[in-house]
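The block underneath contains the structure these notes are about, expressed in structure tokens.
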Amino acid sequence: MRLHAARIPISHGPALGPAAALMSTEHEPVLATELLSLLAPAAGQIAVDCTFGAGGHARLVAEQLGPEGTLIGIDRDPSVEARFAAFAATAPCRTRFVSADFSAGLLALCGEGVRPDMVYMDLGMSSMQVDAWERGFSYSYDAPLDMRMDTRQRFDAADLLNEWPEARIAQVLRRFGEERYAGGIAREIVRRRPLATTSDLVAAVKAGMPASARFASGHPAKRTFQAVRVAVNGELEALNQALPLAWEMLPLGGRFAAISFHSLEDRPVKQFLAEKARGCVCPPELPVCVCGHEPEAELLSRRAIAPGPEEIEANPRSRSAHLRAAVKIAEPNGAGEGGA
């Protein structure tokens with residue numbers, strides 16, 4: 001599918017004025033030390049934070065960029081713009097905000113010819129979204145079935161659960177939640193329509209799976225809530241569109257990093273970077289390389305980096321995090337230094 005640059009709302013600096021009280025002092029960014037080490041931000045560079053959220057990673061990166069550097073934040077959640085304004089009011093570098101999901105935001109920046117030194121993503125939900133009970137992301141609170149990351153979007157979880165056919169709901173639960181009992185849960189959802197709250201969905205999930213499965217590790221509705229959220233927000237589609245855009249923006253020596261929280265996010269990042277780091281693609285039976293294919297990336301770690309025991313103890317939500325990163329060493333088709 002060909003993408004076209006859209007008119008994306010972009011603001012420079014703290015246009016909304018100081019709002020420091022909105023910046024959470026309790027938010028702990030996941031794998032922050034490791035991310036900073038891999039990105040290696042330096043004075044005067046340009047960084048793109050694709051998922052600004054509460055700004056935890058952005059604050060650490062901004063400290064290294066200095067007054068001549070620039071941090072561009074992207075986020076689709078309208079409530080984040082006030083948080084970014086508070087961040088920008090005291091940031092030690094230049095700032096800019098793009099109100100869009102990261103695929104559309106990166107596309108707009110590509111269209112402007114922005115060439116950042118680093119692009120990074122902290123995928124999935126932010127802590128502030130989970131803790132905003134009224135938005136319906138969590139099965140721990142009784143709230144309306146919403147789950148929209150962008151509250152300006154019309155389609156929400158209630159629309160999906162109450163209007164989509166049973167087979168399509170089951171497909172969503174299998175694909176985006178890897179839910180073993182997707183068929184039974186989908187049947188129960190349809191039987192109980194209309195569903196109005198997160199408690200309604202939890203009840204349908206429990207009724208749609210065997211009693212023994214309800215007491216397995218973790219909350220029984222965890223996979224269903226993940227699947228519905230991913231489908232409502234088009235998260236995987238946005239990620240698959242954003243990865244090549246982020247890579248295209250980088251000059252030689254530019255760095256890319258992504259933190260994911262489940263295999264559906266981690267897998268496309270892993271595969272994308274592995275493909276960029278791949279060299280010769282000749283059949284193994286050939287004695288010498290004839291393809292001339294050169295790797296575009298150097299992986300910055302052999303495997304995904306996970307939080308240590310101390311971070312998991314201090315921040316249990318970090319348990320499933322995985323960090324992958326790479327540096328751009330060549331342009332496509334061996335363009336080399338001519339692509340810088």
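Only one residue in Asp156, Asp200, Asp146 is acidic (Asp, Glu), in contact with an Asp or Glu (Cβ under 6 Å, 6 or more places away or on another chain) and free of Cβ contacts under 8 Å to residues at least 60 places away in the same chain, so which one is that? Show your work before the answer.
Values: Asp156 fails: free of Cβ contacts under 8 Å to residues at least 60 places away in the same chain; Asp200 fails: in contact with an Asp or Glu (Cβ under 6 Å, 6 or more places away or on another chain).
After applying the criteria, what remains is Asp146.
Name the single residue, out of those in the range 51-74 being over 14 Å from Pro92 (Cα atoms) and out of contact with any strand residue (DSSP E or B) (no Cβ under 7 Å at 6 or more places or on another chain), that is surrounded by the most Cβ atoms within 10 Å (Cβ to Cβ).
Here the answer is Ala54.
When residues of the range 251-284 are filtered for being polar (S, T, N, Q) and modelled with pLDDT of 95 or more, how many remain?
Qualifying residue count, the range 251-284: 2.
Just to check your reading of the model, which residue among Gly69, Gly73 is at pLDDT 95 or above and under 21 Å from Arg135 (Cβ atoms)?
Of the residues listed, the single one that is at pLDDT 95 or above and under 21 Å from Arg135 (Cβ atoms) is Gly73.
Assuming Ser217 fulfils every condition listed in (1) of a type in the set (S, T, N, Q); (2) in the same structural domain as Pro41 (by TED's automatic domain parsing); (3) without any contact (Cβ under 8 Å) to a residue 12 or more places away in the chain apart from one, which condition is it?
(2)
Among (1) of a type outside the set (A, V, I, L, M, F, W, C); (2) over 30 Å from Leu273 (Cα atoms); (3) in contact with a strand residue (DSSP E or B) (Cβ under 7 Å, 6 or more places away or on another chain), which single condition is Arg154 missing?
It fails just one condition, (3).
Sort out which residues of the range 251-268 are part of a loop (DSSP other than H, G, I, E, B) and farther than 15 Å from Leu38 by Cα, and write them in order of number.
First, pick out the residues of the range 251-268 that are part of a loop (DSSP other than H, G, I, E, B): 251-254, 261-262.
Scanning the range 251-268 gives Pro251, Leu252, Phe261, His262.
Hey, can you tell me all the residues within the range 87-98 that are part of a helix (DSSP H, G or I) and either of a type outside the set (A, V, I, L, M) or surrounded by 20 or more Cβ atoms within 10 Å (Cβ to Cβ) (or both)?
Phe87, Ala88, Thr90
For the range 273-310, name all the residues that are free of Cβ contacts under 8 Å to residues at least 40 places away in the same chain, under 11 Å from Ala325 (Cα atoms) and assigned to a helix (DSSP H, G or I).
The one that is free of Cβ contacts under 8 Å to residues at least 40 places away in the same chain, under 11 Å from Ala325 (Cα atoms) and assigned to a helix (DSSP H, G or I): Ala274.
So which residues in the range 99-139 are modelled with pLDDT of 80 or more, part of a helix (DSSP H, G or I), charged (D, E, K, R) and over 17 Å from Arg152 (Cβ atoms)?
Correct list: Glu112 only.
Can you find a residue that is assigned by TED's automatic domain parsing to the domain that holds Thr197 and either polar (S, T, N, Q) or under 18 Å from the mean Cα position of the chain (by Cα) (or both) anywhere in the range 89-107?
no
Go through the range 231-249 residue by residue and tally those that are under 16 Å from Met121 (Cα atoms) and in contact with a helix residue (DSSP H, G or I) (Cβ under 7 Å, 6 or more places away or on another chain).
So the answer is 12.
If you scan the range 215-245, which residues turn out to be closer than 22 Å to Arg317 by Cα and part of a loop (DSSP other than H, G, I, E, B)?
Ala216, Ser217, Gly218, His219, Pro220, Ala221
Scan (1) surrounded by 17 or more Cβ atoms within 10 Å (Cβ to Cβ); (2) farther than 29 Å from Trp247 by Cα for the single condition Glu163 breaks and write down its number.
Looking at each condition in turn, Glu163 falls short on (1).
Of all residues in the range 317-340 being at pLDDT 90 or above and out of contact with any Leu (no Cβ under 8 Å at 6 or more places or on another chain), which is farthest from Phe272 (Cα to Cα)?
Arg319
Okay, residues lined up against (1) in the same structural domain as Val114 (by TED's automatic domain parsing); (2) under 30 Å from Arg168 (Cα atoms); (3) surrounded by 13 or more Cβ atoms within 10 Å (Cβ to Cβ):
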residue	(1), (2), (3)
Val228	no, yes, yes
Leu243	no, yes, yes
Ala257	yes, no, yes
Leu273	yes, no, yes
Cys289	yes, no, no
Arg302	yes, no, no
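Conditions tested, residue by residue: (1) in contact with a helix residue (DSSP H, G or I) (Cβ under 6 Å, 6 or more places away or on another chain); (2) of a type in the set (A, V, I, L, M, F, W, C).
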| position | (1), (2) |
| --- | --- |
| Glu179 | yes, no |
| Leu195 | yes, yes |
| Thr198 | no, no |
| Val205 | yes, yes |
| Ala213 | no, yes |
| Ser217 | no, no |
| Arg223 | yes, no |
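The values are calculated or read from the model by the stated rules, or taken from the named source; none is laboratory data. Being a predicted model, the structure only gives us computed values, none of them experimental. Here the Cβ is made from the backbone with ideal geometry for all residues, glycine too, and neighbour counts use every protein chain on show.
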